[in-house]
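Bear in mind these aren't lab numbers, they're just calculated from the coordinates by the rules spelled out. On a predicted model such as this, the values are computed, not experimentally measured, just so you know. Cβ placement follows ideal geometry from the backbone for every residue including glycine, while neighbour counts extend to all protein chains displayed.
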Amino acid sequence: MSEKHLKRIRRICATLPETTEKLSHGEPTFFVRKKVYVMFANNHHNDGHIAVWLPAPPGIQSILIENAPEKFFKPPYVGVRGWIGIELGCIDDQELASHIYAAWRLIAPKKLQTELDAPANKAEEPAEKSSKKSTRPIDPVDKTKTK
């Protein structure tokens, strides 16, 4: 079951620029320029959670936990800094992606965020003049796109 959830996290994180994955504290952890923005927690210290831990904007942690305690929790170690734990069995891909994108934005350097926000292809710029690839993420749960 946890492997299915880890694949969800990998699929979403792979759409964000300069994301790397490596083990940290024995769990798959996702970084942007060497800074953590998502930690996968597979029953960490037998706590019963198959979850992700990620930073949240100031003041959001308590609101989320209060409104949906079955979905959100205060994770150990990083919870004191406003991070949230999200139960992966209680959240759909679209909502999960929105939390991961928000976490990435909190951690990623401003210049990299600007690149993400830039239009993928400017209509007035010929493709051959642009040597830079787009860093705009593909929404992994966009149901409007066909295969």
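GLU21 meets the stated requirement of being part of a strand (DSSP E or B) and free of Cβ contacts under 8 Å to residues at least 24 places away in the same chain. Does any residue of the range 99-116 turn out to be free of Cβ contacts under 8 Å to residues at least 40 places away in the same chain, farther than 25 Å from GLU18 by Cα, buried (at least 18 other Cβ atoms within 10 Å of the Cβ) and in contact with a helix residue (DSSP H, G or I) (Cβ under 7 Å, 6 or more places away or on another chain)? Among the residues of the range 99-116, not one is free of Cβ contacts under 8 Å to residues at least 40 places away in the same chain, farther than 25 Å from GLU18 by Cα, buried (at least 18 other Cβ atoms within 10 Å of the Cβ) and in contact with a helix residue (DSSP H, G or I) (Cβ under 7 Å, 6 or more places away or on another chain), which makes the answer no. Residue count for the range 5-53 under the criterion of being acidic (Asp, Glu) and under 18 Å from VAL80 (Cβ atoms): the result is 1. The residues of the range 25-59 that are free of Cβ contacts under 8 Å to residues at least 40 places away in the same chain, surrounded by fewer than 19 Cβ atoms within 10 Å (Cβ to Cβ) and over 16 Å from the mean Cα position of the chain (by Cα), listed by number, are HIS25, GLY26, HIS45, ASN46, ASP47, GLY48, PRO58, GLY59.
Of the residues making up the range 62-78, those that are buried (at least 16 other Cβ atoms within 10 Å of the Cβ) and in a helix (DSSP H, G or I) are LEU64, ILE65. Test SER2 against the criterion of being among the polar types (S, T, N, Q) and either closer than 27 Å to LEU112 by Cα or surrounded by fewer than 13 Cβ atoms within 10 Å (Cβ to Cβ) (or both), and give yes or no. Taking the combined requirement at face value, the residue does not satisfy it.
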